[in-house]
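**Student:** This is the structure I have questions about; it appears just below.
The values are calculated or read from the model by the stated rules, or taken from the named source; none is laboratory data. Small disclaimer: the values here were computed from a predicted structure and weren't measured. Using ideal geometry, Cβ is built from the backbone for each residue, glycine included, and neighbour counts are taken over all protein chains shown. Remember, those area values only see protein heavy atoms, side chains included, never the ligands or the DNA or RNA. Shrake-Rupley method; radii C 1.70, N 1.55, O 1.52, S 1.80 Å.
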Amino acid sequence: MKDDKQTFIAELEIGVTYASLMSAVSLFFTGILISQYRSFDSTIKVPIIFLIISTFSFIFAATIYSNATAEITLNKLKTVEKYMIYAKNIVELLGLYLFILAT
């Protein structure tokens, strides 16, 4: 049981760090591009929308990882596992894939 808890803690640390880092990178590119949004052609506007969605997805996933950390202190490992599945799917499907498509 203790090994599971330590494994979850390590995964959560990595998950929060990765989601936070990627949200910062995505926000950096979005911030640069959004200031000139009206001057771009529609072929550039769609990737900017992807970047915006990606940024919010990374932030949302980091929040889910943080909430899972609170559940570890309550020793609810099944709930932690459920939160981690949600966060991993959001990071990968909405965050990373849209970021890659946008770039």
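**Student:** Run down Ala24, Ala19 and say which single residue is within 19 Å of Glu81 (Cα to Cα) and either of a type in the set (Phe, Trp, Tyr) or assigned to a helix (DSSP H, G or I) (or both).
**Tutor:** Values: Ala24 fails: within 19 Å of Glu81 (Cα to Cα).
Exactly one residue qualifies, and that residue is Ala19.
**Student:** Could you give every pair whose Cβ atoms fall below 7 Å, whose first residue belongs to the stretch 50-75 and is within 27 Å of Leu101 (Cβ to Cβ) and of a type outside the set (Ser, Thr, Tyr), and whose second residue is at pLDDT 95 or above and not in a helix (DSSP H, G or I), counting only separations of at least 6 or pairs across chains?
**Tutor:** Sorted first by the residue in the stretch 50-75, then by its partner, the list stays empty.
**Student:** Considering the stretch 31-45 alone, what residues qualify as being part of a helix (DSSP H, G or I) and either among the aromatic types (Phe, Trp, Tyr) or modelled with pLDDT of 90 or more (or both)?
**Tutor:** Here is the first cut: in the stretch 31-45, the ones part of a helix (DSSP H, G or I) are 31-34, 37-39, 42-45.
Selection gives Tyr37 alone.
**Student:** Oh, and also: Look at Ala68 and say whether it is at pLDDT 95 or above, surrounded by 16 or more Cβ atoms within 10 Å (Cβ to Cβ) and among the hydrophobic types (A, V, I, L, M, F, W, C).
**Tutor:** Numbers: at pLDDT 95 or above: no; surrounded by 16 or more Cβ atoms within 10 Å (Cβ to Cβ): yes; among the hydrophobic types (A, V, I, L, M, F, W, C): yes.
Considered against the rule, which asks whether it is at pLDDT 95 or above, surrounded by 16 or more Cβ atoms within 10 Å (Cβ to Cβ) and among the hydrophobic types (A, V, I, L, M, F, W, C), Ala68 comes out as no.
**Student:** Here's a follow-up. Quick check on the stretch 71-103: of everything there that is of a type in the set (S, T, N, Q) and assigned to a helix (DSSP H, G or I), which residue is least open to solvent (accessible area, probe 1.4 Å)?
**Tutor:** Keep residues of the stretch 71-103 that are of a type in the set (S, T, N, Q), which gives 73, 75, 79, 89, 103.
Subset that is assigned to a helix (DSSP H, G or I): 73, 79, 89.
On the way: Thr73: 110, Thr79: 38, Asn89: 78 Å².
Ranking the qualifying residues of the stretch 71-103, first place goes to Thr79.
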